Each structure stands twice: as C-alpha cells, then as structure tokens.
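The values are calculated or read from the model by the stated rules, or taken from the named source; none is laboratory data. Bear in mind that the values here come from a model prediction, so they are computed numbers and not experimental data. Here the Cβ is made from the backbone with ideal geometry for all residues, glycine too, and neighbour counts use every protein chain on show.
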Amino acid sequence: MADRDEVVKDLLLLIQEAAEPLGAGALRWGLQERGHGLSEATVGRLLGDLEAQGFLEKDRNKGRRLTPEGRKHLALLEQASVRDSAARDFVDSVLSQDRDRILELLEARRAVEQETARLAAQHATEEDVEDLRRSVEIMESQAREGKGVSEEDTRFHRILARAGGNRLLGAAVDLLRQNPFYARELEIIRREAGRVANPDHRKILEAVEQRDPELAELAMRRHLDNLMEDCRRYWRR
C-alpha cells in the first residue's frame, strides 16, 4: 500500500471512530499519534480532496463525516492493508536466516512441490523429461567431482514446475527459492549428511518418466522430508 493510502486509511478511520465530526486540527493530532507527521494545512488539503471525491461531507462548521462511498473506500483500503501486511510477512519468512523459518520454508516447499511433481508426471513433454534427465545427470556429475549442486538443484525444480503446466505453482516455486542464505545452508547440510549425491532427484525423474503421479508426489515428499531431517540433525550437533 502506498504511503498516501495509509494516511488516507488512518484519517478515514479516525473520522469513522469519532463520536462527532472532526476538523483538520483534531485529525492532525490523531494522525500524529499513528505515526504520520503532517501539518494542519496538509491535513486540510487532504480533507478537501477526499470531500471532492465524495468520500467525506461537511457537517456545517463542525468538521467532516464519512459518506457511504467513504465507508466503502475505507473498507477497500483496510483490505489492501491486510494483504500488504501478509505479503510482507511472507517475504520476510522467505528471506529469513532463522532456522525455524527455514524449516517452515521447507514445509511450504513440500506442500507446493508435491503437486508440481504430480502435475509433471501427468503433463510433461518428452522435451521436459529430457531436460529433467540432463539436470539429474549434471547434479550427479557435480557431486562426484565435489562441486556444489545448489544452482542445478534449483534448475531441476523449476523445470519440474514448468513441466506441470501450472504457472501459479511455478511462480510459488521461484518465490520460495529466493533466499541465498537458504541455498548455501542447505548445500553445507547436504554435504555434511552425505546427501549431495542423493538419489532423490533421480527417483522423482523416474516417476515422471513412468507417468505415475502418485509415485512422483511420494518421491518429492520423501525428498523434502529427507532435507528437513538432515537440517534437524545438523542443527542438533
């Protein structure tokens, strides 16, 4: 939500909650208590704008009241504020370095990527399957050579999401992998657990090749369960 919308929301709330009409002076102090440092003249101009838009009406010389349109506009602003707050919380969780948040992130990935694996088994083209196979082979080669696999791991899961054909789930997979700390931490944990060359990705690939949605879903769930268990063991040390 833009800063102006936040000011307007709080101003309309102050007017709605007041027992009597409020003028610019009283509203200025109310807004200041909510963290908006505006002058009385600025508040007065804002009131004039909102009145011109039909959201407020004058009550003689006492101040302004909300109109029915003003109440509707306030409801929309409150909904937008809730959405923005939820979005900020989600992004904070994705980018967090807190261990509990990382486990929550893996749980979210499990919920999303079980479905992307299922859909990939149903809808993947031969080209998709070949891309998945090549990605698994690259990861296995990198692991044998002692190289990091996190970049190719991300590519594998994105190919899988693309193969499933659901763009919203694909966007969710991308969003849940935005934390660079998370990728580095999992790389270290997998190496310590001896799972850099784990067979999980190949099992997912084989399920997709067999066009078996249930097996693909199960393989993905086990893959992420293994990751979460590796994290717990590593952090208990």
In segment 30-65, how many residues are assigned to a strand (DSSP E or B) and either at pLDDT 90 or above or touching a Ser or Thr at 6+ places or on another chain (Cβ under 9 Å) (or both)? 2
Return the residues of segment 143-180 that are surrounded by fewer than 18 Cβ atoms within 10 Å (Cβ to Cβ), among the small types (Gly, Ala, Ser) and either in contact with a Pro (Cβ under 7 Å, 6 or more places away or on another chain) or closer than 18 Å to Asp128 by Cα (or both); say none if nothing qualifies. Gly165, Ala171
Please enumerate the residues belonging to segment 3-23 that are in contact (Cβ under 8 Å) with a residue 24 or more places away in the chain and either in contact with a Pro (Cβ under 8 Å, 6 or more places away or on another chain) or assigned to a helix (DSSP H, G or I) (or both). Asp5, Glu6, Val7, Val8, Lys9, Asp10, Leu11, Leu12, Leu13, Ile15, Gln16
Show me the helices (runs of 4 or more DSSP H) entirely contained within segment 124-211 in which 3 or more residues are closer than 27 Å to Arg233 by Cβ, assigned by TED's automatic domain parsing to the domain that holds Arg101 and among the small types (Gly, Ala, Ser). 126-144
Could you say whether any residue in segment 20-43 is loosely packed, with under 12 Cβ neighbours inside 10 Å, over 33 Å from the mean Cα position of the chain (by Cα) and either closer than 23 Å to Ser81 by Cα or among the acidic types (Asp, Glu) (or both)? yes
Out of all the residues in segment 197-212, is one or more small (Gly, Ala, Ser), farther than 18 Å from Ala108 by Cβ and at pLDDT below 95? yes
